[in-house]
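Enquirer: Take this structure first; my questions come after.
The values are calculated or read from the model by the stated rules, or taken from the named source; none is laboratory data. Worth saying up front: this structure is predicted, and the values here are computed from it rather than measured. Here the Cβ is made from the backbone with ideal geometry for all residues, glycine too, and neighbour counts use every protein chain on show. Protein only, heavy atoms only, side chains kept; ligands, DNA and RNA dropped before computing areas. Shrake-Rupley method; radii C 1.70, N 1.55, O 1.52, S 1.80 Å.
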Amino acid sequence: MVNKYMKAALKCAQTALAEGEVPIGAVVVLDGKIISRGHNRRTKKQVATAHAEIEAIEKACKRLKSWRIPECEIYVTLEPCPMCLGAMLNARIKKVYFGAYEAKGRSLTNEIAGANLLNHKIEVEGGVMEEECANILSDFFSEMRRR
């Protein structure tokens, strides 16, 4: 089932790619069903916080009519940044699955997710369909460098 949801997040990343955005996608899952999707829109919106995870979390909160979504899991194609992990902690998301590991800098995902911030911890599983998730990003950046 994990791969099924990551494949859905990869479809969202493909949507971002088609829009000329950095191809990162996310889906929020509740009780085995995808309840929201998101992809990067920073360039289109010219908003620094328009990350895939933020979009997916906001849609899930609206759908569930609550800023707390503790029974939900989120699947994202790239290891979340500290801002997105903060949003996940605030939303009380149960678990995050991510694909590719962040290539630049040291990973803080496990430290932030398990830091007992806001009296909440998030379970983390990285490396889900890692190769596929990493490839879409490396292909995007290779193409950008060619231009």
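Enquirer: 5 Å is the cut-off here: which amide hydrogens, built 1.01 Å from N in the peptide plane, fall below it relative to G25, excluding neighbours closer than 5 in sequence?
Expert: Amide H neighbours of G25, under 5 Å, 5+ apart: A13, T77, L78.
Enquirer: Is it possible to state the helix-based mean residue ellipticity at 222 nm for the chain, with each DSSP H run of 4+ residues giving -39500 (n - 2.57), the sum divided by total residues, to the nearest 500 deg cm²/dmol? What is it? Spell out each step's value before the answer.
Expert: Numbers: 6 runs with 66 residues, N = 147.
When only DSSP H runs of four or more count, the value is -13500 deg cm²/dmol.
Enquirer: Which trypsin sites (Lys or Arg not before Pro) in the range 1-78 sit in a loop by DSSP (not H, G, I, E or B) and have at most 10 other Cβ atoms within 10 Å of their own Cβ?
Expert: Answer by residue number: K65.
Enquirer: A follow-up question, please. How much FRET efficiency would the formula 1/(1 + (r/R0)^6) give for R42 and N135, where r is the Cβ-Cβ distance and R0 is 25 Å, rounded to 0.05?
Expert: 0.75
Enquirer: In the range 37-88, which GluC sites (Glu not before Pro) fall in coil by DSSP and have 12 or fewer other Cβ atoms within 10 Å?
Expert: E71
Enquirer: OK, next. Between A8 and R147, what is 0.36 nm times their sequence separation minus the Cα-Cα distance? Round to one decimal in nm.
Expert: Values: separation 139, 0.36 × 139 = 50.04 nm, distance 2.90 nm.
Stretched out fully, the A8 to R147 stretch lengthens by 47.1 nm.
Enquirer: Further, regarding this structure: Using protein chains only and a probe of 1.4 angstrom, how many square angstrom of I24 are accessible, to the nearest 10?
Expert: Here the residue's solvent-accessible area equals roughly 20 Å².
Enquirer: To continue, here is another question. Once the mean 1/r over all distinct Cα pairs of the chain is inverted, what Kirkwood radius in angstroms do you read off?
Expert: Working: mean 1/r = 0.0667 Å⁻¹.
Kirkwood radius, the chain: 15.0 Å.
Enquirer: Which whole-Hz ³J(HN,Hα) couplings does the range 13-26 yield from phi under the Karplus relation 6.51 cos²θ - 1.76 cosθ + 1.60, θ = phi - 60°, glycine and proline marked x?
Expert: 5, 4, 4, 4, 4, 4, 8, x, 8, 4, x, 10, x, 8
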